[in-house]
Structures are given as C-alpha cells and as structure tokens.
Amino acid sequence: VQLQASGGGLVQAGGSLRLSCAASRSVGVIEQMGWYRQAPGKQRELVATINSGSGTNYADSVKGRFTISRDNAKDTVYLQMISLKPEDTAVYYCNVQLWVGVSRAYWGQGTKVTVSS
C-alpha cells in the first residue's frame, strides 16, 4: 500500500485547509483511516480516525474544528480543517489500517501544516 498525502501549506490563524490522502493497493480491505500529527519536539498524536462504517473519533483539541471523511470508491481520506490555530502547526500523517488476513498499518509521507499568528 502506498499513501500519497497532499493539501498542507501555510495559512493564517483562523484560516482553513483540506488535507487528502489517497491509498493505492492491490489486495486487502481498508478498515480504519486516520490522520496523526507531529509538532516539532513533540510525539506524534492522533488527530482523527474514521472506520469502515464511517464512525469517527477526534482528539479533544480539534473537535468542532476538524472533520474527517472518506471516499471508499477512491480509497481516499480527507481532513477538513477550519478555525486553524498556531498550535495546529505540525506535520500531518495519514494512516491506513489494511486487513490482509491480519491487520497492518501503513503511513503516508506527511504533509506540513503551518499556521501563523
């Protein structure tokens, strides 16, 4: 599985961005898809996940501002981010859980989001 993330960039506080991550696969079933982020000097943390039934889970820090969605026909996960804050600055990584008899996790290359104050 290869994951291609896009949509990061520089935005002012209060602005919006939409991240996309497309998965290319030849076998398996995609279960959960999600976004994580890692700020400089900090550990990677969960931002949001969405399962195969479209159930979602969000970090408290982004609830009400970020929306995760997926297009199963395109094997793509999105993260719509509004009301961005400087503390949202990080490299955002997409994650896919693929079922191939066992569940395996795959990571995208990361896309940088910078929010200026």
Check your understanding: Of all residues in the range 18-40, how many are in contact with a helix residue (DSSP H, G or I) (Cβ under 9 Å, 6 or more places away or on another chain) and within 20 Å of Gly64 (Cα to Cα)?
Key -> 1
Practice item. Please give the strands (runs of 3 or more DSSP E) falling wholly within the range 54-117 in which 1 or more residues are of a type in the set (D, E, K, R). Key: 66-71, 103-107, 111-116
Check your understanding: Does Val47 meet the test of being surrounded by 15 or more Cβ atoms within 10 Å (Cβ to Cβ), part of a strand (DSSP E or B), β-branched (Val, Ile, Thr) and more than 13 Å from the chain's Cα centre (by Cα)?
Key -> no
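State yes or no: is Glu45 of a type in the set (Asp, Glu) and under 16 Å from Gly110 (Cα atoms)?
Numbers: of a type in the set (Asp, Glu): yes; under 16 Å from Gly110 (Cα atoms): yes.
Yes; evaluated as a whole, the condition is true for this residue.
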Exercise for review: Considering (1) touching a Ser or Thr at 6+ places or on another chain (Cβ under 7 Å); (2) over 14 Å from Cys21 (Cβ atoms); (3) crowded, with 17+ Cβ neighbours inside 10 Å, say which one Asp88 fails and leave the rest.
Suggested key: (1)
Point to revise | Residues being of a type in the set (A, V, I, L, M), open to solvent by 50 Å² or more (accessible area, probe 1.4 Å) and part of a strand (DSSP E or B) - total across the range 25-44 | key: 1
Check your understanding: Mind checking whether some residue in the range 61-76 is surrounded by 15 or more Cβ atoms within 10 Å (Cβ to Cβ) and touching a residue at least 40 places away in the same chain (Cβ under 8 Å)?
Key -> yes
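The values are calculated or read from the model by the stated rules, or taken from the named source; none is laboratory data. Small disclaimer: the values here were computed from a predicted structure and weren't measured. Using ideal geometry, Cβ is built from the backbone for each residue, glycine included, and neighbour counts are taken over all protein chains shown. Ligands, DNA and RNA are stripped out before the accessible areas are found, and what is left, the full protein with its side chains, is counted by its heavy atoms. Shrake-Rupley method; radii C 1.70, N 1.55, O 1.52, S 1.80 Å.
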